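The values are calculated or read from the model by the stated rules, or taken from the named source; none is laboratory data. Fair warning: this is a prediction, and the values are worked out from it, not measured in the lab. Don't worry about glycine lacking a Cβ; one is built from the backbone with ideal geometry, like all the others, and counts go over all protein chains shown. Note: accessible area is taken over every heavy atom of the protein model, side chains too, but ligands, DNA and RNA are not part of it. Shrake-Rupley method; radii C 1.70, N 1.55, O 1.52, S 1.80 Å.
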Amino acid sequence: RSESYNRRLRRLDTSGDITMARKPRPRVRVPSKAAAGDIIEIKTLISHPMESGQRRDSAGKKIPRQIINKFTAAFDGKVFFEADWFAAISANPYQSFHYKAAKSGEFTFSWKDDNGETYVAKNKIVVG
C-alpha cells in the first residue's frame, strides 16, 4: 500500500476519536544481533495524530486533545530510557537513542496517551 494510503488511515473521524482501522501502530528498528559492548542505535516511530486540542473540525467544534505523553524503553523489564512528550510534538512521533548491548534479551517499548491507552512493541536481540 502506498504511503498516502497509510496517512489517510491516520486521520481523525468527525468525533475526534481514533477508529479501530486507524489505531496507532508502533514501529521499532533494533538490530537482531550485536557483539558484547557494541553501541546500537534504536529507532522508534508510532503512527498517531498527536492532536493538540487547539484545532477545530469542519463544523467548528474543537477537536479534543489526544497526544502520546509518555514513552518508555526497557530491557528485560528494566527501564533504561524515558521521555515525557507534550502538545508541541508532531504527529507520528519519532524517537531514536543508543544502547550498549551487554547480553541477549528483549526490549519493550511503550507509548501512553491522554486517553490512558498504552501501545507496546517488543523486539529481541542476540548478543554474542
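Assess whether ALA121 counts as being open to solvent by 40 Å² or more (accessible area, probe 1.4 Å), in contact with a Pro (Cβ under 7 Å, 6 or more places away or on another chain) and not β-branched (Val, Ile, Thr).
Values: open to solvent by 40 Å² or more (accessible area, probe 1.4 Å): no; in contact with a Pro (Cβ under 7 Å, 6 or more places away or on another chain): yes; not β-branched (Val, Ile, Thr): yes.
For ALA121, the condition - open to solvent by 40 Å² or more (accessible area, probe 1.4 Å), in contact with a Pro (Cβ under 7 Å, 6 or more places away or on another chain) and not β-branched (Val, Ile, Thr) - is not met.
Taken across region 76-97, residues that are at pLDDT 95 or above, open to solvent by 80 Å² or more (accessible area, probe 1.4 Å), more than 16 Å from LYS124 (Cα to Cα) and acidic (Asp, Glu) do occur, with at least one present.
If I filter region 102-117 for residues that are aliphatic (A, V, I, L, M), in contact with a strand residue (DSSP E or B) (Cβ under 8 Å, 6 or more places away or on another chain) and open to solvent by less than 20 Å² (accessible area, probe 1.4 Å), do I get at least one hit?
If we filter region 102-117 for residues that are aliphatic (A, V, I, L, M), which is where we start, we get 102.
If we keep only those that are in contact with a strand residue (DSSP E or B) (Cβ under 8 Å, 6 or more places away or on another chain) too, we end up with 102.
Of the ones still in play, those that are also open to solvent by less than 20 Å² (accessible area, probe 1.4 Å) are none.
Scanning region 102-117, I find no residue that is aliphatic (A, V, I, L, M), in contact with a strand residue (DSSP E or B) (Cβ under 8 Å, 6 or more places away or on another chain) and open to solvent by less than 20 Å² (accessible area, probe 1.4 Å), so the answer is no.
When the residues of region 10-45 are narrowed to those that are of a type in the set (A, V, I, L, M) and at pLDDT below 95, which ends up surrounded by the most Cβ atoms within 10 Å (Cβ to Cβ)? Filtering first and then ranking leaves ILE18.
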